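Novice: Mind looking over this structure? Questions follow.
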Amino acid sequence: MNEHNINDPLDLDGLDQLFDDELGMPSAADYQAPTGNGKPRDLSFFRQIPVKVTLEVASAEVPLGDLMRVEEGAVIELDKLAGEPLDVRVNGKLLARGEVVVVNGKYGLRLVDVVDTKLLGGMDD
């Protein structure tokens, strides 16, 4: 078993590259470490991992007491204007802003402003 002396510094090389000033998700490009033969690892399997995409219409801060008194038909004013782009989040992180469209009778999403291009890039096909 390999023992570690508590007074020895930990080998944390590369951890500073995982996080920006704001704690965010690293892109796949952050993980393009060379293999033993000097070639980058094939990370294309990451493209198959499902992520949760959420379209956030707007929000409101409401006192709990007011919220407990709402009834069917009540209207809660939200913080966005009608026609403003909606926030598109991937696993909770803001990716883009978009607008709702209808595609073959189902709701769809048209991106109008990509905010985090690092989240989209980083892997070659």
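Novice: What residues have an amide H closer than 5 Å to that of Lys80, excluding those fewer than 5 places away on the same chain, when H is modeled at 1.01 Å from N in the peptide plane?
Specialist: Those lying under 5 Å, H to H, from Lys80 are Ser59.
Novice: Amide H of Leu109: which non-local residues (sequence gap of 5 or more, or other chain) have their own amide H closer than 5 Å, using H built in the peptide plane?
Specialist: Residues meeting the criterion, in which the H sits 1.01 Å from N, are Val101.
Novice: Pick out, in residue order, every one of the GluC sites (Glu not before Pro) in segment 38-84 that is DSSP loop and has at most 13 other C-beta atoms within 10 Å; say none if there are none.
Specialist: Within segment 38-84, the qualifying GluC sites (Glu not before Pro) (loop, at most 13 other Cβ atoms within 10 Å) are Glu61, Glu71, Glu72, Glu77.
Novice: Quick one: which residues, 5+ away or cross-chain, put their amide H under 5 Å from the amide H of Leu95? H built at 1.01 Å from N.
Specialist: Close amide H contacts, sequence-distant or interchain: Val88, Arg89, Val90.
Each value in this text was obtained by applying a stated rule to the coordinates, not by laboratory testing. Everything numeric in this text was worked out from a predicted model, so none of it was measured. For neighbour counting, all protein chains shown are included, and Cβ atoms are generated from backbone atoms with ideal geometry for every residue, glycine included.
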